[in-house]
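Notes to accompany the following structure.
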Amino acid sequence: MATAARSTYLLVDGENIDATLGTSILGRRPRPEERPRWERLLQFAEDRWEQPAVGLFFLAANTELPMTFVQALLAIGYRPVPLSGGPGEKVVDIAIQRTLAELRRREADVLLVSNDGDFAEQVEDLLDGRRVGVVGFSEFRSSAFAGMPERGLEFLDLEYDVAAFNERLPRVRIIPIAEFDPAQFL
């Protein structure tokens, strides 16, 4: 009996990436042409570790499902994961945490696309010799992942490593508190 080829599971927290892009980088809702080219990310996942990638794109669909976007995801090879839950329930985070926990029982590598530290515990549990990476915006990655590169976690930038954007994003300068002048923002 032939053994199945090893895969990379690409788990996309699209809401987190969209919120970071809009709120922290652009300062407004991103236009469609400013959003990541999700097909490039899927190709990057396959190329990174030279094996098939399974793209799971998690969506909160409490009120409505964005069918045009879901159809586009399907067309480029993702498996959309539409989720609903109660008020205030972070359904995407819960689903990704459960998926990361399930992947611990499988022979697979993992790329998590999020800046969210809510996944740090599950990501750390996966650092058992398999390849694991967190893809996002380097300057906005949660500090909850600090210390994990020593155990094998790879940090990858969505703009610079993946080249997921058609245009360069504006750079965000992190201001040392000694240089902070509130008048610049008021």
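Observations on the model:
- Region 1-93, relative contact order [Cα under 8 Å, separation at least 6], %: 32
- Sparse-neighbour loop sites [trypsin sites (Lys or Arg not before Pro); region 1-103; at most 13 other C-beta within 10 Å; DSSP]: R28
- In region 58-128, GluC sites (Glu not before Pro) in a DSSP loop with at most 12 other beta-carbon atoms within 10 Å: E64, E107
- For S7, the residues 5 or more places off, or on other chains, whose built amide H falls under 5 Å of its own are D109.
- For the chain, the longest piece that avoids every one of the chymotrypsin sites (Phe, Trp or Tyr not before Pro) found in DSSP loops with at most 15 other C-beta atoms within 10 Å covers 1-159.
- What the Cβ-Cβ distance of D47 and A178 gives, at R0 = 35 Å and to the nearest 0.05, is a FRET efficiency of 0.25.
- Take every pair of alpha-carbon atoms less than 8 Å apart whose residues are at least six positions apart; their mean separation over the length of region 107-186 yields a relative contact order of 26 percent.
- Whole-number accessible area per residue in Å² for the chain, which is evaluated in the context of all protein chains at 1.4 Å: 56
- Pair-distance distribution of region 1-156: all C-alpha pairs, bin width 10 Å, starting at 0; shares per bin in whole percent are 10, 40, 38, 11, 1, 0.
- Amide H within-cut-off set for A61, under 5 Å, with H built and near neighbours excluded: L83, S84
- Difference of contour (0.36 nm per residue) and Cα-Cα distance, E33 to R106: 22.7 nm
- Value of relative contact order over the chain, rounded to a whole percent, pairs C-alpha under 8 Å and six or more apart: 25
- Shape category assigned to region 21-89 from the gyration tensor of Cα positions, a/c cut at 1.5: oblate
- Whole-percent carbon and sulfur share, accessible surface of the chain, 1.4 Å: 51
- Estimated at 0.36 nm per residue, the fully extended path between V54 and V70 surpasses their Cα-Cα distance by 4.2 nm.
- Estimated [θ] at 222 nm from DSSP helical runs (n ≥ 4, -39500 (n - 2.57)) normalised by residues in the chain, nearest 500: -7500 deg cm²/dmol
The values are calculated or read from the model by the stated rules, or taken from the named source; none is laboratory data. It should be emphasised that the depicted structure is a prediction, and the values quoted were computed from it without experimental measurement. Backbone-built Cβ (ideal geometry, glycine too); neighbour counts: all protein chains shown. Protein only, heavy atoms only, side chains kept; ligands, DNA and RNA dropped before computing areas. Shrake-Rupley method; radii C 1.70, N 1.55, O 1.52, S 1.80 Å.
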